[in-house]
Amino acid sequence: MEAKKLNEVRDPKFRDEIVEKMCFHDDKAKFNLNYCLSCGTCAAGCYFTDLVENHDPRKFMRKIALGLKDEVLNDPFVWLCNMCGRCTMNCPGNIPLANVVRTVRGQFGLTAPGHLQKVAETHMETGNQMAVTEEDFLDTIDWMQEELQEEFGDPNFTIPVNVEGAEILFIAHPREIKYYPEDIKSWTKVMVNAKESWTLCPTAFDVTNFGLFNGRDDEARKIMDFTINEAKRLGVKRIVMTECGHGYWAYKWGQKVWYKEGECPFTFEHFVEYMADLIKTGKIKVDKSKNPQTVTIHDPCNTVRKGGLIEEGRYILENVAENFVDMWPNREYNICCGGGGGALPMGDWVKEARMKKGKLKADQMMATGAEICCAPCHNCYDQLNDINKEYKLGMKIKHLHHLVANALIWEEGTGPKTEE
Amino acid sequence: MVVGGGIAGVQASLDLAEAGYYVYLVERSSAIGGTMAALDKTFPTNDCSMCILSPKLVECGRHPNIEIVTLASLVDLQGEPGNFKATLIQAPRYVDGDKCVACGDCAAKCPVKISDEFNEGLAIKKIIGNKYAQAVPNTYAISHPEKCLYLTKGVQTGKEVCKLCVKACNKDAINLNDKEKTFNLDIGAVILAPGFDEFEPASLKSFGYGVYKNVVTSIEFERILSASGPFSGHLVRPSDHTEPKKVAWIQCVGSRDRRIGCNYCSSVCCTYAIKEAMIAKEHSATPLDTAIFFMDMRTYGKGFEAYYNRAQNETGIRFVRSRIFELAPGSTEDSLKIRYSDEDGEIKNEEFDMVVLSVGLQPSKSAIEMAGKIGVELNKYNFADTTNFTPVETSRSGVFICGAFQSPMDIPTSVMQASAAAAAAGTLLAEARGTALKAAAEPTVELDVAGEEPRVGVFVCNCGINIGSVVSVPEVRDYVATLPNVVYAEENLYTCSSDTQDKIKEAIKTHKLNRVVVSACTPRTHEPLFRATCAEAGLNPYLFEFGNIREHCSWVHMKDKEAATQKAKEITARAIAKARLLDPLHTVTIGVNKSALVIGGGIAGMNAALDLATQGFEVSLLEKSDALGGMARRIHFTLEGMNVTSYLEGLVSAVTANPKIKVYTGAQIKDAVGYVGNFTTTVEVGGKTEEINHGAVVIAIGGRELKTTEYMYGQDARVMTGLELEEEIAKGSDKVKNAKNIVMINCVGSREPDRVYCSRVCCSESVKNALKVKELNPDANVYVLYRDMRTYGFKEDYYEAARGKGVMFLRFDPGNKPVVANDGGKLTVAVTDPILKEAFTIDADMVGLAVATLPPEDSKGIAQLYKVTGEYEGGFFLEAHMKLRPVDFATDGVFLAGLAHGPKFIEESIAQGRAAAARAATVLTKDQLVGGGAVAKVDKEKCSGCRVCVTLCPYNAITFLEEENVAEVNEVLCKGCGTCVAACPSKATQAMGFKDEQIFAEIEAFLA
């Protein structure tokens, strides 16, 4: 192959252009992509480098360093990377590779493969990523409310909707509304048991934000606005969200990068940290004998590595399950499930890669000998279910609130009556 | 006052004390020695660290003008340069140094065990004891009073708790009522040498230090390798004490890491990792697989590149260019898995039995605190702030700095800096020289042993395990005790240590010894020590004989213990046979011409001249060209941005204006005769010759820039050397301003088979030029093609800054060098990116070649005149010892500085020039020098006057007395080499200490 003429193929400003367009909550000067030493730490830190073609983060960074803009923009790595952030945890140049990938995805005119972009657009158009109407939402809530009335033996029981002045706005995943309504009952039980002042909102109930995956900050802000505007209208103080990883990170990070200071005056709590706190403060009481199976936990990249919720999930499981075992590696050094970074909605294009990656997670899960694997993230949850099927693991994949709800100790005269 | 008792502080103290100043050596712990005392071996010579350090520590401990103040910290400094009042806080020792003999009785009874800090927590020790076995001062201390039963419970309750140590001590040396003291000292200058802290790797979670049992730091590994360490030098892993089969080193742990704010390079880790891997292989009974994981291999020091090559080609150490992300548990118990990406991008998983973290050097925490208290400014990493042109001066006038608190540095650089700091302090205090000295101790009255039957005492050394693991030392001891005239024999762990000196003196008295034999290592390093010990006990020092059972025995016959033991017996018997026939010899004194000759008017030479002149010595400064300045005249600015041109102007005018310096430009040396204290050099200037008499010489004749034929240099004007490119930049030429693409190529002529050494400065010089180009012409694309970026210490910041400004760095292998071509008038450079494996060509407007620094042309001639070695790596001068005597020659009175020693930066040349001045001052300060002893003598009765000896003497030490028709030996010049003795046809010449009868006795002992 003839040598390329570097003067012709190189855009020497490309590195700086990425940094300029990159969305930061920190001092930009700290993140100079030129500091990359091509040392190989990232290539070894990423478990997928040798598993999937075109997945070497060092090579990707090297192309950027050399200013090979066209090669970078056409590099499958841009979409194959799960943006899990493991590669650069120990980067001596302090390169935020996940954010570099996000910026290349969103700021250079690229369009995401598969449904990813479509989902983001649906969200912007309808207020949620699955186009669930307000009517459908309320119907589903009513339906679950009825079931809970029966379960509690309390015909007056209501699931709070649109309650102005509530302390907490609870936001869910539209899949829960559309496909997993049992989940509504599960987290409602936790909220009720804790006697929290909370509400749902039919016009702001979607925790997700695919603007995080497609890299388009304007879209991300629009999507987040649905929740923020309604939260302001209702006058809540805290926003507690169901077990969704990327949504959590989008809110936590987005608050700093997509909003000016004071524009978004809420605390954002992932359901895992919220439930851990309920147990710690004694607001809920739990009985671990209700969950006698061996349980392990998968650490979602967005909540754990990025969000820092490292011990909360473990704390919960130690309290609500009799046999908790960790997989390895774990905590902030976890391996991505393979479904992160919007891989699931990218469809068939990444399916093969996604399953190859998932094999690592399957091995990790099996090595624990657990019957249940908890995934406090909807994205991971789906990926783990796919893995479970593909590799015939025969495990149960659950959210943490499933186990918490099951372990709740109810005050006399409250709670489910079915057992009596 | 010197603060810090590591090698830098020890060297500075010795230089100042020898130059006529009284020195307080203040040390925080209970003994001097510092980090070097804890090291096993030292690179690149693989000398035993303790063996080369111990004599210096002992010298410090016994020097009448050095007062060692242990367990003390400097907390305040008032006053002015020349007149400071220092406040010190001294922690209680609880043991009286005058009474303690370090017998160990107290420690045997003490019930409190603590983790042994000297052994990095790999062993336990008693709370009362020595910091380490060879500690100076050799006095015990209670190291952690907060754990002592009496000092805690006893004091609290007022009861007689424990006190077993007091009961055990027969010398009444333990004083549990000792209290912290605060006191002032009046001093003229301060030298800070507080050293460094090791980087604490537990903060890097991914390496599992403290979690995985077989992950150790490099300094822990030194202790594991050390004969005096927790495993007596047996290489085992901590988890199960089994011998590892595979060991990995991970470089840059706590260095070159922006994420944790340690951006700088720790300068020493690459070479120490090579050393540790080499020694580990030697210590391993079965073949040991060693791998070093690194980013850039930074073997930039003198002899280091050859060492690296040896490691790769001869010892089979694997070098893997990959930074390590994490350690994981391996498949067998307590083994470790490393997943890494090699440079080809292939992911590999390897398991190791043990992993060593090459931890970086951090500024010492206690030093940071002290600096705050005495008003010394620190740089952004909290090391002492200095500039290129004042490398040993801190921000506070009269307070100087040397060693690793200035920046991470190796031992030779520390020693060099220590001497430079001594020169700086000496210059400041020149007027007070000799005023504060303690009167020299009256020499012990020499015992008259003439006519006595020989009574030989023999001391056989284990040298840790260097000897003891191969030779059965007790067997040797028992054997020699049976030999004629041997009245006493013992074995020692280290015969050279301070406590053993006391034992030897005691034995001379108790057993009325009149001959002493030590069977240990080499007389080259240790003979002066044992001779001094004999002299202190009143025995003529020449009644001492050395047997070398390490180099000649345990090291070369490692595999055959039985034969080694037999040979050790024979070597010792040989020494005894000779000792029986030894005569007392006496030294002669000579006067010293208190002026110096400095050869070479570059930065090193001028600094040496200026320091010597300011200290009051007359200096003749010779420069062969027409102007002073040397290589620096072609350098305009430093990497750090300082203006070299104006510094040089200032230096030249200071030198020329100094009334004590006589500058000779256009000078040629025609001849040199004489010896330390009394040299005469004949110089020709402008056709006239002049004889210069001087007492010391500093050789600072610089180096040269290679004129290469590679990369089209000389064929295309656009290809230039780094200095030529710098010239264009300094001029601000349009060529630079209008250039679109500038390519620099490193290692041109360095690190090649025929020129092995690394030229040390070129990486940084390319970075410097790259940054300057970017300043002049921000849109220019600058490419630096390199093999390993060797921007050590804080120079790493500039490498980083250059990357930050968009300078593109591309690595190449020597087998695939870049190709410069003229493509129809266009200058092109072809290069392959090692990460993408893609070939690129760059259209270049200019190509800068970082060419090698060559040794001086005339080194061989100068070397011959002054009888020193000038043929190292093609013509650099070779110092007396690469580690601890970096500016001395083996020939007394001759010193070395600057590029003539090896490639170096301006600040290093300044420090070395000043260091040479400090060393020369130790000679010039003295009124009289001592010579003679083991030298040749001519028996005039037998001499036939044939003059064979006169012509053969390599030191020009023999004169022919025409009137008497006999030859005569000058005892000060004579080195005792024996050439004349062998040559003399009349057997008129005899070497004292090597008389025929003595040598015959040795031969007979061997043949017996």
Would you tell me the mean number of C-beta atoms belonging to other protein chains that fall within 10 Å of each C-beta in B:837-845, as a whole number? 5
Please report the net charge: other residues with Cβ closer than 11 Å to the Cβ of B:Met789, K and R +1, D and E -1. +3
All lysines inside 16 Å of B:Lys772 as judged from Cα atoms, apart from same-chain residues fewer than 8 positions distant: B:Lys731, B:Lys735, B:Lys737, B:Lys740, B:Lys795, B:Lys805
Could you tell me what fraction of 2.2 N^0.38 Å the Cα radius of gyration of chain B comes to, as a two-decimal ratio? 0.97
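From the Cα gyration tensor of the protein assembly as shown, with a ≥ b ≥ c the square roots of its eigenvalues, which class applies: rounded if a/c is under 1.5, or else prolate if a/b is larger than b/c, or else oblate?
Working: a/c = 2.47, a/b = 1.73, b/c = 1.43.
The shape class here is prolate.
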For peptide B:200-206, what's the mean number of Cβ atoms from other chains within 10 Å of each residue's Cβ? 2
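Would you compute, from DSSP H runs of 4+ residues alone, the mean residue ellipticity of chain B at 222 nm, taking -39500 (n - 2.57) per run and dividing by the full residue count, rounded to the nearest 500?
Mean residue ellipticity at 222 nm (helix-derived): -8000 deg cm²/dmol.
Among the complete DSSP H segments of chain B, which ones combine at least 24 Å of alpha-carbon extent along their axis with a mean Kyte-Doolittle hydropathy of 1.0 or more? Can you show the working numbers first?
Numbers: long enough: B:411-428 (25 Å, 1.03); B:561-579 (27 Å, -0.55); B:906-924 (26 Å, 0.43).
Membrane-span-like by this criterion, though nothing is claimed about a membrane: B:411-428.
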Please work out, to two decimal places, the log10 of the ratio I(q)/I(0) at q = 0.12, 0.13, 0.21 Å⁻¹ from a Debye calculation in which every Cα of segment B:303-404 carries one identical scatterer. -0.72, -0.77, -1.04
Once the piece of chain linking B:Asp813 and B:Lys559 is laid out straight, how much longer is it, given 0.36 nm per residue of separation minus the C-alpha distance between them? 87.5 nm
Taking the square root of 5 times each eigenvalue of the Cα gyration tensor, what semi-axes in Å does the equivalent ellipsoid of segment B:57-132 have, largest first? 31, 16, 13
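Across peptide B:780-788, what mean number of C-beta atoms from other chains lies inside 10 Å of a residue's C-beta?
1
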Gap in Å between the Cα centre of segment B:954-999 and the Cα centre of segment B:299-340? 54
Gyration tensor on Cα atoms of segment B:354-449, a ≥ b ≥ c root eigenvalues, a/c under 1.5 rounded, else prolate if a/b beats b/c, else oblate, says oblate
Here the net charge surrounding B:Lys826, from other residues whose Cβ is less than 12 Å away from its Cβ (Lys, Arg +1; Asp, Glu -1), is -1
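At 20 °C and 1.002 mPa s, grab the translational diffusion coefficient of segment B:48-198 from Stokes-Einstein with a Kirkwood Rh over Cα pairs, rounded to a whole number in µm² per second.
123
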Enumerate the amide H contacts of B:Glu545 below 5 Å, restricted to partners 5 or more residues apart or on another chain; note that Pro and chain-start residues carry no placed amide H. B:Val516, B:Val517, B:Val518
Beyond 22 Å, how much of the Cα-Cα pair distribution for segment B:197-362 remains, as a whole percent? 39
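Looking at segment A:180-219, what % of the alpha carbon pairs are farther apart than 16 Å? Let's see the in-between values first.
Values: 442 of 780 pairs.
The answer is 57 percent, as a whole percent.
Show me the trypsin sites (Lys or Arg not before Pro) within segment B:889-944 that DSSP assigns to loop and that have at most 15 other Cβ atoms within 10 Å of their Cβ.
Sparse-neighbourhood loop trypsin sites (Lys or Arg not before Pro): B:Lys940, B:Lys942.
Ordered by packing density, taken as the mean number of other Cβ atoms within 10 Å over each peptide's residues, highest first, how do A:82-89, B:180-187, B:371-378 rank? Mind showing how you got there, number by number?
Details: A:82-89: 24.4, B:180-187: 13.2, B:371-378: 16.6.
Answer by packing, highest mean first, reads A:82-89, B:371-378, B:180-187.
As an exercise, use a Förster radius of 56 Å and the Cβ-Cβ distance of A:Asn229 and A:Lys288 to find the FRET efficiency, rounded to the nearest 0.05.
Values: r = 41 Å, r/R0 = 0.73.
Approximately 0.85, to the nearest 0.05.
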Ratio of segment B:792-869's C-alpha Rg to 2.2 N^0.38 Å, to two decimals? 1.67
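Starting from the Kirkwood Rh over alpha-carbon pairs, what translational D in µm² s⁻¹ does segment B:92-177 have by Stokes-Einstein at 37 °C and 0.692 mPa s? If you can, show how the numbers build up before the last one.
Numbers: Rh = 13.0 Å.
Answer from the Stokes-Einstein relation: 253 µm²/s.
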Between segment B:612-663 and segment B:832-902, what is the separation of their alpha carbon centroids in Å? 21
Where only alpha carbons of segment B:643-724 are counted, the Rg and the Dmax (Å): 18.8, 53
Between segment B:467-544 and segment B:62-135, the Cα center-to-center distance that results, in Å: 28
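Could you give the dipole magnitude of segment B:491-625 about its Cα centre, charging the beta-carbon of Lys and Arg +1 and that of Asp and Glu -1, in debye to the nearest 20?
Values: 17 positive and 15 negative charges, 104 e Å.
With only Lys, Arg, Asp and Glu charged at Cβ, the dipole is about 500 debye.
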Residues A:Glu167 and A:His25, FRET efficiency given R0 of 25 Å [Cβ-Cβ distance, rounded to 0.05]: 0.40
Can you tell me what share of the DSSP beta bridges in chain A is antiparallel? A percent to the nearest 5 is fine. 5
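Across all directions of projection, what mean area in square nanometres is found for the Cα convex hull of segment B:511-636?
That works out to 14.5 nm², a quarter of the Cα hull's surface.
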Treating only the Cβ of Lys, Arg, Asp and Glu as charged (+1, +1, -1, -1), what charge dipole size does the protein assembly as shown show about its Cα centre? Round to the nearest 20 debye. 1520
What aspartates and glutamates sit close enough to B:Lys975 to cross-link, taking a C-alpha to C-alpha distance under 12 Å and skipping anything fewer than 8 places away on the same chain? B:Asp892
Grab the DSSP H runs of chain A that are 4 residues or longer, score each as -39,500 (n - 2.57), total them, divide by all residues and round the 222 nm result to the nearest 500 deg cm²/dmol. -13500 deg cm²/dmol
Given labels modelled 7 Å from the Cα in the Cβ direction, how far is it in nm from A:Gln149 to B:Leu952? 12.4
Could you tell me which of rounded, prolate or oblate describes segment A:117-279, using a ≥ b ≥ c as the square roots of the eigenvalues of the alpha-carbon gyration tensor, with rounded for a/c under 1.5 and, failing that, prolate when a/b is larger than b/c and oblate otherwise? prolate
Relative to the present Cα-Cα distance, how much length would full extension add between B:Asp583 and B:Arg259 at 0.36 nm per residue of separation? 109.9 nm
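Using the per-residue mean of other Cβ atoms lying within 10 Å as a proxy for protection, in what order, highest first, do the peptides B:342-349, B:784-791 fall? Walk me through the intermediate numbers first.
Numbers: B:342-349: 14.4, B:784-791: 23.2.
Peptide ranking by packing, descending: B:784-791, B:342-349.
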Can you compute the modelled spin-label distance between B:Asp478 and B:Thr315, with each label point 7 Å from Cα toward Cβ, in nm? 3.6
Please report, to two decimal places, log10 I(q)/I(0) for segment A:8-107 at q = 0.10, 0.12, 0.18, 0.21 Å⁻¹ as given by the Debye formula with identical point scatterers on the Cα atoms and no solvent. -0.23, -0.33, -0.78, -1.10
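Each reported figure results from applying straightforward, stated rules to the coordinates on display, with no laboratory input. In this text, all values refer to a predicted model and were calculated from it rather than measured experimentally. A quick note on method: Cβ atoms are made from the backbone with ideal geometry, for glycine too, and the neighbour counts reach across all protein chains shown.
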